[in-house]
Amino acid sequence: MTTKEKILEEALTLFSKNGYDGTSVDQIAERVGIKAPSLYKHYKGKEDILNAIIDAAEVRYEELFGSDRNIGKLPESKDEFIRSTMGKISFTMHDPMIRKIRKFLIQEQFRSERLADITTRHQLDGIQRMYTKIIEGMMNKGLFIKDDPKLLATELTAPVVLWIAQADRQPHCEKEIMDSIEKHIRHFYDVYTNIQ
């Protein structure tokens, strides 16, 4: 790992624990094992570090989770739908970078319009748009009954977002939460499937 990457990793860890305002450049440099002036060789300052973290997380999320521009292969069966959806949820809950970003955004979403927009996209709009396209595609293939795909996407994703937030607050409940999420996804599929 390069010094530049280590700066981002350590800054994200500190930001997710202490918040943006509660973290200093000196603290980041200390965690990296360098002096603060050396940090400025890589980044202009704390805001530059934050922007680099957000940009890297956005790329990672797009690549490994997806979006409405990148929905991946449409599931063609109940098992594929459940496996694909649970895989996305597992990534969201367990990827160290995404987990820290989510905790940071929850704390800091009121600090800046950009952070508020990112939080809304990842916890509501973006995931809803992605699943609207997936559900609509599955409707077109005859796998789901014809209905309002946006409404169904909301019905599918909203409880999951709440359960993920609960898992962040109560990590000791993760197994029970994951079981509830999978049960919800199975129920959703059974209710809206077009296959008897």
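Every number in this text was worked out from the coordinates using simple rules, so none of it is lab data. Note that the coordinates shown come from a computational prediction; the quantities given were computed from them, not determined experimentally. Cβ placement follows ideal geometry from the backbone for every residue including glycine, while neighbour counts extend to all protein chains displayed.
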Between Lys4 and Glu30, what FRET efficiency comes out of the Förster formula 1/(1 + (r/R0)^6) with R0 = 25 Å and r the beta carbon distance, rounded to 0.05? 0.90
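Report the semi-axes of the equivalent ellipsoid for the range 1-64 in whole Å, largest first, where each axis is √(5λ) for an eigenvalue λ of the Cα gyration tensor. If you can, show how the numbers build up before the last one.
Values: eigenvalues 72, 35, 21 Å².
The three semi-axes for the range 1-64 are 19, 13, 10 Å.
Need the full-extension length gain, Asp79 to Phe91, defined as separation in residues times 0.36 nm minus the C-alpha distance. One decimal, nm. Mind showing how you got there, number by number?
Details: separation 12, 0.36 × 12 = 4.32 nm, distance 1.79 nm.
Taking Asp79 through Phe91 to full extension adds about 2.5 nm, to one decimal.
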Links exceeding 22 Å between C-alpha atoms in this model, out of Lys78/Lys141; Lys78/Lys100; Lys103/Lys175; Lys46/Lys100; Lys78/Lys183, come to Lys78/Lys100
Tilt of helix 46-64 relative to the longest C-alpha principal axis of the chain, in degrees (0 to 90, nearest 10)? 30 degrees
Simple spin-label estimate for Asp68 and Asp21 in nanometres, 7 Å along Cα-Cβ: 3.3 nm
Gain upon complete extension [Ser180, Ala116; 0.36 nm per residue less C-alpha separation]: 20.2 nm
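Can you tell me which of 102-112, 73-83 comes out highest on packing, and rank the rest after it, using the mean Cβ neighbours within 10 Å? Could the numbers behind the result be given before it?
On the way: 102-112: 17.2, 73-83: 14.5.
The most tightly packed comes first, giving 102-112, 73-83.
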What is the set of long-range amide H partners of Gly72 at a cut-off below 5 Å, with H atoms built 1.01 Å from backbone N? none
